[in-house]
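A short worksheet on the structure shown next.
The values are calculated or read from the model by the stated rules, or taken from the named source; none is laboratory data. Owing to the predicted nature of the structure, the values given are computational and were not obtained by experimental measurement. All Cβ positions, glycine included, derive from the backbone under ideal geometry; neighbour counts span all protein chains shown. To get the accessible areas, we keep the full protein, side chains included, count just its heavy atoms, and leave off ligands, DNA and RNA. Shrake-Rupley method; radii C 1.70, N 1.55, O 1.52, S 1.80 Å.
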Amino acid sequence: MIKSLQDLQEIRDRLHDDIMLRKEDHAPKRIMVCMGESGLRAGARAVLAAFVEEVHKRGRTDVMVTQCGG
């Protein structure tokens, strides 16, 4: 339980390394487009194609475009 500013500062200091690890995460980012029946009816093919084209055009190697079956 946080009872003082000192308690809050101790928590911040204790969690600082974990927070910095998340900020420096170099894992690929994933964009997932649902290609199930309702997704396809809503235009998922065009959305998937647009994402793939844009990622390629920008030369992004840290982004992965994937699909799910719904």
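Table for the structure above
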| read-out | value |
| --- | --- |
| Residue pairs meeting the criteria (Cβ under 8 Å; at least 6 apart or on separate chains; first at pLDDT 90 or above, in segment 32-43; second among the basic types (Lys, Arg)) | MET35/ARG45 |
| Complete set of residues in segment 46-70 that are open to solvent by 60 Å² or more (accessible area, probe 1.4 Å), part of a strand (DSSP E or B) and more than 15 Å from GLY36 (Cβ to Cβ) | MET64 |
| Residue check for LEU21: modelled with pLDDT of 90 or more and assigned to a helix (DSSP H, G or I) | no |
